[in-house]
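Report on one structure; see the data block that follows.
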Amino acid sequence: MKTVLILGAASDMAVALAHAFAGQGFNVLLAARQAGRLAETVSDLKIRHDVAATAVEFDALDFASHAEFYRNLPAGPDVAICVFGYLGDQTTAQSDFTEAHKIIDTNYTGAVSILNIVANDFERRGSGTIIGISSVAGDRGRQSNYLYGSAKAAFTAYLSGLRNRLFKRGVHVITVKPGFVRTKMTAGLPLPKPVTAKPAQVAADVFRAYSRQSNVVYSLWMWRFIMLLIRHMPEGIFKRLKL
Ligand SMILES: NC(=O)c1ccc[n+]([C@@H]2O[C@H](COP(=O)([O-])OP(=O)(O)OC[C@H]3O[C@@H](n4cnc5c(N)ncnc54)[C@H](OP(=O)(O)O)[C@@H]3O)[C@@H](O)[C@H]2O)c1
């Protein structure tokens, strides 16, 4: 039986991912801050899918703990999904570097810190899949969230490089770029329904990408075309828009 490690496992998207993989027979390691609060998710996964599920303590910002965290996992994972992220407050972050720093560290530095360790282990074993949940926000910086977007852009570039490095070593890397998703992160925001996904839809897209060994996936699919237009809009027009 294969094992999936979900990093940042307390979010709605992470729980949906846990069910998607457990539904296909994966044992699940849920890594999150205050892991005790995942007890109900753990027992739900076990009962519904008849798999092993364990919650373990993990803080993406506690870089120094990552090597020991990974060494102490009850099983070596076959798939690692990096789900944690922090939208933060763009306006605050423009004048308060503490907030900017937290956005950068959560979405980028923390991901690099733990995925470097996972990548080296998978490379040594000659197998495994790393899945990074990045964002369409990383495809082009815009005024409303460019600090979060720039950290996700860095994460997207990191995943691309990792894929290139590990391809010949039997390790696959998938970049997932969700558009709008209805979760705690976007609670209260006026999201346009036709292009807003439910966490379960993102999880289904991620599992399909894993089965097909896709490289870069947008979720929902139409975001690939929306972002194609946004990326190719001339800067002279783009900079005048209120985005
Ligand atoms: N929602 C969207 O529209 C959208 C769009 C594109 C991409 N994404 C990405 O999708 C992923 C999941 O986001 P979501 O929408 O489900 O948002 P969310 O509910 O806010 O989930 C974010 C998760 O990240 C965890 N996290 C933050 N800092 C952490 C840290 N230092 N250590 C460990 N875990 C930490 C949070 O844990 P706590 O519960 O402990 O705070 C939370 O469970 C994120 O990477 C996000 O950037 C979301």
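The values are calculated or read from the model by the stated rules, or taken from the named source; none is laboratory data. The shown structure was predicted, so the numbers you read here are calculated from the model rather than taken from an experiment. When we count neighbours, we look across all protein chains shown, and the Cβ atoms used for this are built from the backbone with ideal geometry, even at glycine.
For the reader, a short list of remarks on this structure follows.
- Any hit, segment 132-139, residues being at pLDDT 95 or above, surrounded by fewer than 20 Cβ atoms within 10 Å (Cβ to Cβ) and not hydrophobic (A, V, I, L, M, F, W, C): no
- Screening Ala209, Ala200 for residues that are in a helix (DSSP H, G or I), farther than 20 Å from Leu159 by Cα and modelled with pLDDT of 95 or more leaves exactly one candidate, Ala200.
- Set Leu228, Leu189: member being assigned to a loop (DSSP other than H, G, I, E, B) and surrounded by fewer than 18 Cβ atoms within 10 Å (Cβ to Cβ): Leu189
- From the options His19, His49, residue that is in contact (Cβ under 8 Å) with a residue 12 or more places away in the chain, more than 9 Å from the ligand (Cβ to nearest atom) and under 20 Å from the mean Cα position of the chain (by Cα): His19
- Residue in segment 203-222 that is within 10 Å of the ligand (Cβ to nearest atom) and hydrophobic (A, V, I, L, M, F, W, C) present: no
- Within segment 166-197, tally of residues that are within 11 Å of the ligand (Cβ to nearest atom), closer than 13 Å to Trp221 by Cα and not polar (S, T, N, Q): 8
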